[in-house]
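Worksheet for the structure shown next.
Values quoted throughout were computed directly from the atomic coordinates according to the rules given, and no laboratory measurement underlies them. Predicted model only: the values in this text are computed from it and were never measured. FYI the Cβ positions are ideal-geometry reconstructions off the backbone, even for glycines, and counts take in every protein chain you see.
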Amino acid sequence: MAKYYITTPIYYVNDVPHIGHAYTTIAADVAARFKRLAGDDVLFLTGTDEHGINIARVAERHGVSPQAWTDRIAAEFQRLWKFLNISNDDFIRTTEGRHQRVAQAVFQRLYEQGDVYLGSYEGWYCPSCESFYPDSELGPGRTCPVHTGRTVEWTAEESYLFRLSKYQRWLLDHIETHPSSVAPEGPRNEVLALVRSGLRDIAVSRTTFSWGVPVPFDRRHVIYVWIDALTNYITAAGYLDDPEKFARYWPADVHLMGKEIVRFHAVIWPAILHAAGIAVPRQTFAHGWLTFGGQRFSKSLGIVIDPAGLSREIAAESGAEVAVAVDALRYFLLREIPFGSDGDFSKPALIQRFNADLANDYGNLLNRSLPLVERHFQGRIPAPGPEEGGDAALRETAASAAEGVAPLIDRLDFRGALEEVWRILNAGNKYFDAEAPWRAAQAGRMDRAGTVLYNTLEAARIATILLSPWLPTATARAWEQLGIAAPLGSQRLADARWGGLAAGTRVRPGRPIFPRIEARRPAAGGAATRTSDAGVSEAGGPGMNQITIDEFKKIDLRVAEVLEAKPVAGADKLLELRVRIGGETRTLVAGIAQQYAPAQLVGRKIIVVANLQPRRVRGVESQGMLLAASHDDRIALLGVDGDVPSGAPVS
Ligand code: ME8
């Protein structure tokens with residue numbers, strides 16, 4: 001059995017995950033799931049990078065220890081991966097003992113053989129990247145080339161250095177003789193240019209802070225965070241702990257990442273491994289940046305989208321299951337942007353793909369054909385008769401498309417792979433329209449109607465197997481509707497061969513898996529975009545459900561004063577408030593009973609939507625809505641800063 005070891009970067013825990021991290025992790029997940037489908041023995045690794053000055057500083061800013069902080073954020077990453085249906089086999093944290101032992105063993109070995117030596121290092125240092133940059137790469141006003149606007153700091157310190165210069169020749173030969181070791185071509189050329197321009201020895205320890213793995217033979221130093229981080233890939237494969245596992249999975253088949261960190265992976269990492277006598281990874285693959293209104297999503301720039309919030313919005317707007325909305329996001333990210341290029345995220349484009357590709361092309365193939373099986377064949381898939389009309393063409397398209405997917409996944413061309421699957425779906429829909437099984441049934445040609453339905457559902461079955469890595473939940477639902485007894489998870493790529501659908505199978509048509517998103521129905525409380533520490537709010541920014549100023553002006557926001565508050569009988573979350581808005585008194589019902597006691601509210605000035613149509617909630621007429629911010633289970637009322645009379649407009 002072939003093995004396949006794929007990794008994502010281990011993400012910094014300086015803030016919660018955002019859609020940029022999800023992008024890489026979803027891509028790795030699809031590749032891992034596809035390789036499992038193909039029958040490979042897969043090891044799929046992700047994790048968190050938890051050391052370094054930057055993380056120590058963030059923890060301090062939040063008034064907690066670095067360990068408490070990293071525990072909290074690592075848990076957020078794990079929670080999100082579960083929510084996004086990520087099938088990682090391991091999750092590594094650089095603060096774990098198993099990892100620290102490996103980082104120290106590699107460092108010790110390089111020191112003992114003279115590849116690491118004591119010296120000093122000075123240069124322009126970006127604390128966000130944890131790396132030094134030469135003058136020639138700095139942005140305007142001595143700023144970091146990656147973190148726009150972040151000024152670099154001149155840093156000089158005693159440091160252990162790694163003899164990277166010694167491996168320049170070897171590295172150049174290696175990349176030239178193994179061009180696929182760095183992909184795609186753009187990043188490969190960049191790396192080659194960097195190596196050709198000459199490599200200097202690099203600092204691999206720090207003395208100015210202590211949140212890191214101690215250098216084993218000199219406790220004044222901690223191991224430079226990038227050396228600590230890169231070694232995670234061998235730790236998880238079993239280096240030191242499990243030689244058998246290591247022999248099985250190492251070297252990694254693909255290290256997947258964003259293009260900004262390719263130099264660490266394609267220059268420093270292979271040199272260290274080679275120096276330590278360990279095989280080098282087969283491929284470093286750098287994908288492009290996901291942008292939003294043209295700007296890179298980035299924690300330090302404060303432009304972030306929460307993939308969980310976004311998925312919930314899509315679920316609320318469509319009526320689909322949340323896990324199906326997650327599938328739609330997984331699909332969209334890998335369909336919309338060619339893997340390797342930069343691409344802009346936009347919610348309207350996601351909705352467009354949801355409706356056109358998933359609801360129409362995929363969902364409707366089932367929604368249209370299954371009820372006919374129910375109506376004309378007592379719900380059992382009919383046996384196909386002799387081929388005629390478009391039958392052979394559909395079979396051939398399905399066969400060639402199914403064969404075309406695996407080589408595209410080998411090249412991480414997710415978009416191309418999906419286009420192959422869409423060849424089947426498009427052909428299936430066209431075939432269904434052209435062969436019109438309902439007409440054959442009306443005309444009493446039941447054999448022909450049965451053949452067309454069989455072929456249509458066979459195309460849908462094959463597409464469902466092939467799509468399962470992208471859409472794990474939706475394809476499971478489709479599989480249930482097809483009524484096939486063997487679970488989808490037991491299927492292999494070889495089962496995506498024409499003719500596998502058993503006649504006589506009892507179908508189970510259900511509600512549409514992807515209900516179309518009709519008009520703009522903004523989800524209540526949905527705020528997928530948010531502000532990070534850096535404080536640039538992008539909520540409602542370009543591309544995200546934009547409204548015009550005139551639309552906004554239709555909302556009459558007012559300051560209101562709470563006169564009375566009491567619980568609503570039989571509803572433990574609701575309070576009934578009497579509020580004064582200028583000269584008028586109104587009743588509001590609000591779901592804040594678990595956060596606010598009635599007595600806390602009386603006399604408070606809040607903000608209300610004054611022109612909302614009244615509606616009855618638990619028998620009480622609510623004449624407006626108060627505004628509050630929410631995060632997880634927390635709710636905080638909006639108020640006014642200063643003494644403003646009730647009734648004052650808010651804009
Ligand atoms: O660099 N578009 O961690 P990190 C696409 N700890 N991908 C994005 C993205 C965007 N806008 N934003 C983030 C680190 N990513 C180090 C890695 S590995 C040994 C150590 C993804 O938290 C992409 O994979 O800054 C990028 O390379 C990674 O997150 C950076 O994560």
Any residue on another chain or 5+ positions along whose placed amide H is under 5 Å from the amide H of residue 650 is listed here as 557, 558, 559
Sorted on mean Cβ neighbours within 10 Å (highest first), peptides 363-374, 567-578 come out as 363-374, 567-578
Subtracting the Cα-Cα distance of residue 193 and residue 629 from 0.36 nm times their residue separation yields 152.0 nm
The computed P(r) of the chain puts the percent of Cα pairs beyond 33 Å at 56 percent
Rounded to whole angstrom, the alpha-carbon centroid of region 208-227 lies from that of region 268-344 at a distance of 31 Å
Calc'd 3J(HN,Hα), region 228-241, phi into Karplus 6.51 cos²θ - 1.76 cosθ + 1.60 (θ = phi - 60°), Hz, glycine/Pro = x, comes to 4, 5, 4, 5, 4, 5, 8, 3, 5, 7, x, 4, 6, 6
For region 373-431, the percent of all C-alpha pairs falling in each 5 Å bin, from 0 up to the bin holding the max distance, is 4, 18, 18, 17, 17, 11, 8, 5, 1
Quick calc: nm separation of the 7 Å Cα→Cβ label points for residue 109 and residue 380 -> 6.4 nm
The computed P(r) of region 2-132 puts the percent of Cα pairs beyond 26 Å at 36 percent
In debye to the nearest 20, the charge dipole size for the chain, taken about the Cα centre with +1 at each Lys and Arg Cβ and -1 at each Asp and Glu Cβ, equals 1420 debye
Once normalised by the length of the chain, the mean sequence separation of its alpha carbon contacts under 8 Å that are 6 or more apart gives a contact order in percent of 12 percent
Residue by residue through region 39-54, the couplings from Karplus 6.51 cos²θ - 1.76 cosθ + 1.60 with θ = phi - 60°, in Hz, x for Gly and Pro, are x, 7, 8, 9, 10, 10, 10, 9, x, 10, 9, 10, 9, x, 4, 5
Along region 68-76, Karplus-curve 3J(HN,Hα) (6.51, -1.76, 1.60; θ = phi - 60°) to the nearest Hz, with x for Gly and Pro, reads 5, 5, 5, 4, 5, 6, 4, 5, 5
Between residue 90 and residue 411, the FRET efficiency computed from the C-beta separation at R0 = 25 Å comes out, to the nearest 0.05, as 0.50
Residue-normalised 222 nm signal for the chain, counting each DSSP H run of n ≥ 4 as -39,500 (n - 2.57), nearest 500 deg cm²/dmol, is -11500 deg cm²/dmol
Expressed to two decimals, region 3-296 has a Cα Rg over Rh, using the Kirkwood radius, of 0.93
Expected unfolding gain across residue 554-residue 595 under the 0.36 nm per residue rule, minus the alpha-carbon gap, is 11.8 nm
Counting only residues 5 or more apart in sequence or on a different chain, those whose built amide H sits under 5 Å from that of residue 12 are 49
Cα convex hull volume per residue for region 345-495, in Å³, equals 114 Å³
The set of residues whose placed amide H lies less than 5 Å from the amide H of residue 139, leaving out same-chain residues fewer than 5 positions away, is 144
Most packed first (mean Cβ within 10 Å per residue), the peptides 285-291, 354-360, 328-334 order as 328-334, 285-291, 354-360
